[in-house]
């Protein structure tokens, strides 16, 4: 499906406005940035499964240390990246897109809270379906 950048941004704003308070509290420290696709440097740094195609882009990405690790002096603040084109490609309807934006945002903010992929999957913030597009991968700083 395809919607305009402005319409997509409104869906992101709606998802942000509807975040549970436990997640919304982190938005002052973690900006949400919408990009069409991952930057080449981010895409090249992403670990890939052997059977994953080069064109499989994540729907979102968390970059930075979690809130328990803190931020070393001089380091950029943590941020959540939301990738517009992969999200639109993964969804058939506007309603599905709104839900996937919400889940992606919660998933990435969960990484800031120190949650791993298993914890996020248990909360329902995992992939669309088994074997589908990856929600994200951990930044190299997460290791």
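A few comments on the model shown:
- Note on the stretch 53-95: among residues that are part of a loop (DSSP other than H, G, I, E, B) and within 10 Å of the chain's Cα centre (by Cα), the one that is nearest to residue 9 (Cα to Cα) is 59.
- Any hit, the stretch 101-116, residues being touching a helix residue (DSSP H, G or I) at 6+ places or on another chain (Cβ under 9 Å), at pLDDT below 90, over 23 Å from residue 6 (Cα atoms) and not in a loop (DSSP other than H, G, I, E, B): no
- Any hit, the stretch 2-17, residues being modelled with pLDDT under 95, exposed (fewer than 13 other Cβ atoms within 10 Å of the Cβ), in contact with a helix residue (DSSP H, G or I) (Cβ under 7 Å, 6 or more places away or on another chain) and not in a helix (DSSP H, G or I): yes
- Subset of the stretch 68-86 [closer than 15 Å to residue 113 by Cβ and buried (at least 21 other Cβ atoms within 10 Å of the Cβ)]: 78, 80
- Residue check, residue 63 surrounded by 13 or more Cβ atoms within 10 Å (Cβ to Cβ), at pLDDT 95 or above and under 16 Å from residue 79 (Cβ atoms): no
The values are calculated or read from the model by the stated rules, or taken from the named source; none is laboratory data. Given the structure is predicted, the values throughout are model-derived calculations rather than measurements. Glycine also receives a Cβ, built like all others from the backbone with ideal geometry; neighbour counts cover every protein chain displayed.
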